[in-house]
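Everything on this sheet refers to the single structure shown next.
The values are calculated or read from the model by the stated rules, or taken from the named source; none is laboratory data. It should be emphasised that the depicted structure is a prediction, and the values quoted were computed from it without experimental measurement. Methodologically, a virtual Cβ is constructed for each residue, glycine included, from the backbone with ideal geometry; neighbour enumeration extends over all protein chains shown.
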Amino acid sequence: MQICVFEDKDYTNLLPLVYTYPVYELRCGIDTLIDKIIRKYKTKKVDINLFCRNYLAEIVKEKYGLSVNKIINDNCLFINGKIILDKIIPVEGEEEICIKDKTVIYARLNKEKSMLVTPENILSGKIWEKLKLNTKLVDLKYPLTIIKYPWNCIHQNNQQITKDFIELTANIKNKIKGELYPGTYILNKSQVFIGKETIVKPGVVIDAEQGPVYIGENVSIQPNAVIEGPVFIGNRCIIRIGAKIFAGTSIGELSRVGGEVVESIIHSYSNKQHDGFLGHSYIGKWCNLGAGTNTSNLKNNYGNVKVYIEGKLIDTEHMFVGLIMADYSKCGIGTMFNTGTVVGVNANIFGSGLIPKFIPSFSWLDVAHNKINTYNLEKAITTAKVVMSRRKLAISKLEEKLIHKIFELTKNERNFK
């Protein structure tokens, strides 16, 4: 029994976040999209394969230890990696291609047809047009979320934390495994999970009356922090003194967070340690927001926020959208981001003033002097090494290779005069 999780031609709508990983590594809720798929099939006897862009294949294989970009020589269930899989799709059954909103959700194919499917022809979209001619087409018979744009993750996060919490804690009787100091307050304790070796200091309020709170292992919640569920806080995070973490927020592993955070996703390994507001935003891996950084998540006229995707201004059809920042990017103290600002990979932003709504990857932006230049590639890698060493991690050769590749892929963005 074979499953193949793939990314399709519309992955470009999720750039710049997915320059550094496949679409199925986006975080929404407690974990990533691929984690949810693997979890659904963990009790089944299936082999899971992954399709992705070729330049990501080595690093994906190293991370997951699964077969990557190999032709499937068997009957196979192909699952689109940008869906939030809330319900198991049967691996065995009649051949069919399931479509929703012009997107192939899954395709259950025999061996002969499976061997025709490659990462390249999925990314071009050509294979589905060919297979539709002689394969049964079906509509999805139940609600399902497709992550088409970055803000879909943000606006689904609140609901998804709740769903993930139910699934992950269903068979756990004692959900409080960490140490609660005297003077901590937990509201609706049955909806709170606290992992082993986590410490919750005096004055902390964990309010799960409106939704669950899931806190991982080895987390430090410092005094007087307030956490209002639904919220997820990953392993080895630090929540700073007096932090205000509001509903709909996910904070991935090894992140350090303070100030005010509302309905935002911090993927992992990132810092927002100081006062400042982060709202309806998606922050990638290895990012740093300087002290006093603020994001606008609502326009003064209460209109829909528009966001630059692949050079086009897209109406999000949402009133609340903040900052979308890809991996390795950083901003200095007092940075003010407009609604719907997009920051590419490895950008460095500093100085006060009006910031553009789109900042290309590998940009060195001096806001105060209205100057933007290319961020030197070797200096960017050196900085990444220093940042990772502070978490007692080292950059791998594959990660360095990936950064070089993304620098090439994004060169046309940097048409600086």
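Checking the range 162-180 against the condition returns a match, with at least one residue being touching a helix residue (DSSP H, G or I) at 6+ places or on another chain (Cβ under 7 Å), in a loop (DSSP other than H, G, I, E, B) and either in the same structural domain as Ser264 (by TED's automatic domain parsing) or of a type outside the set (A, V, I, L, M, F, W, C) (or both). The test for being free of Cβ contacts under 8 Å to residues at least 40 places away in the same chain and out of contact with any Phe, Trp or Tyr (no Cβ under 9 Å at 6 or more places or on another chain) holds for Asn412. Taking the criterion of being buried (at least 22 other Cβ atoms within 10 Å of the Cβ) and among the aliphatic types (A, V, I, L, M), the residues of the range 219-253 that qualify are Val219, Ile221, Ala225, Ile227, Val231, Ile233, Ile239, Ala243, Ile245, Ile251. Among the conditions (1) loosely packed, with under 14 Cβ neighbours inside 10 Å; (2) touching a residue at least 40 places away in the same chain (Cβ under 8 Å), the only one that Ile309 does not satisfy is (1). Taking into account only those residues within the range 202-218 that are within 16 Å of Glu179 (Cα to Cα) and touching a strand residue (DSSP E or B) at 6+ places or on another chain (Cβ under 6 Å), which is surrounded by the fewest Cβ atoms within 10 Å (Cβ to Cβ)? Once the filter is applied, the top-ranked residue is Val205. Exactly one residue out of Gly279, Gly242 is in the same structural domain as Glu197 (by TED's automatic domain parsing), in contact with a Phe, Trp or Tyr (Cβ under 9 Å, 6 or more places away or on another chain), free of Cβ contacts under 8 Å to residues at least 60 places away in the same chain and not charged (D, E, K, R), and it is Gly279.
The strands (runs of 3 or more DSSP E) falling completely within the range 211-324 that include 1 or more residues that are under 30 Å from Asn174 (Cα atoms) map to 213-215, 226-228, 231-233, 249-251, 260-262, 265-268. Could you check, for the range 50-61, whether at least one of its residues is on the phi > 0 side of the Ramachandran plot and of a type outside the set (A, V, I, L, M)? Among the residues of the range 50-61, not one is on the phi > 0 side of the Ramachandran plot and of a type outside the set (A, V, I, L, M), which makes the answer no. Take the conditions (1) part of a helix (DSSP H, G or I); (2) under 20 Å from the mean Cα position of the chain (by Cα); Thr382 misses just one of them, which is (2).
Applying the condition of being in contact with a Lys or Arg (Cβ under 8 Å, 6 or more places away or on another chain) and of a type in the set (A, V, I, L, M) to the range 367-411 and asking which residue is surrounded by the most Cβ atoms within 10 Å (Cβ to Cβ) yields Ile395.
If the condition is being hydrophobic (A, V, I, L, M, F, W, C) and either assigned by TED's automatic domain parsing to the domain that holds Ser264 or outside any loop (DSSP other than H, G, I, E, B) (or both), then the range 31-50 contributes Leu33, Ile34, Ile37, Ile38, Ile48, Leu50. Residues in the range 19-75 that are within 25 Å of Trp151 (Cα to Cα), surrounded by 15 or more Cβ atoms within 10 Å (Cβ to Cβ) and of a type in the set (Lys, Arg): Arg27, Lys36, Lys40, Arg53. Just to verify a result, which residue in the range 163-182, among those that are closer than 14 Å to Gly216 by Cβ and of a type in the set (A, V, I, L, M), is nearest to the chain's Cα centre (by Cα)? Filtering the range 163-182 for residues that are closer than 14 Å to Gly216 by Cβ and of a type in the set (A, V, I, L, M), the one nearest to the chain's Cα centre (by Cα) comes out as Leu168.
Does Glu263 count as of a type outside the set (Lys, Arg) and surrounded by fewer than 17 Cβ atoms within 10 Å (Cβ to Cβ)? Criteria not met by Glu263. Every condition in (1) within 22 Å of the chain's Cα centre (by Cα); (2) assigned to a loop (DSSP other than H, G, I, E, B) is met by Lys405 except one, and the failing one is (2). Inside the range 244-272, residues that are under 14 Å from the mean Cα position of the chain (by Cα), of a type outside the set (D, E, K, R) and within 18 Å of Val213 (Cβ to Cβ) make up a count of 9.
Could you tell me whether the range 51-69 includes any residue that is among the polar types (S, T, N, Q), assigned to a loop (DSSP other than H, G, I, E, B) and without any contact (Cβ under 8 Å) to a residue 40 or more places away in the chain? Scanning the range 51-69 turns up no residue that is among the polar types (S, T, N, Q), assigned to a loop (DSSP other than H, G, I, E, B) and without any contact (Cβ under 8 Å) to a residue 40 or more places away in the chain.
Of the residues Asn54, Asn49, which single one is touching an Asp or Glu at 6+ places or on another chain (Cβ under 9 Å) and at pLDDT 95 or above? Selected residue: Asn54, the only one of Asn54, Asn49 that is touching an Asp or Glu at 6+ places or on another chain (Cβ under 9 Å) and at pLDDT 95 or above. Look at (1) touching a helix residue (DSSP H, G or I) at 6+ places or on another chain (Cβ under 9 Å); (2) touching a residue at least 40 places away in the same chain (Cβ under 8 Å) and you find that Leu377 fails only one, number (2). In the range 124-150, the qualifying residues are those that are among the aliphatic types (A, V, I, L, M) and surrounded by 11 or more Cβ atoms within 10 Å (Cβ to Cβ), and the one that is nearest to Asn54 (Cα to Cα) is Ile127.
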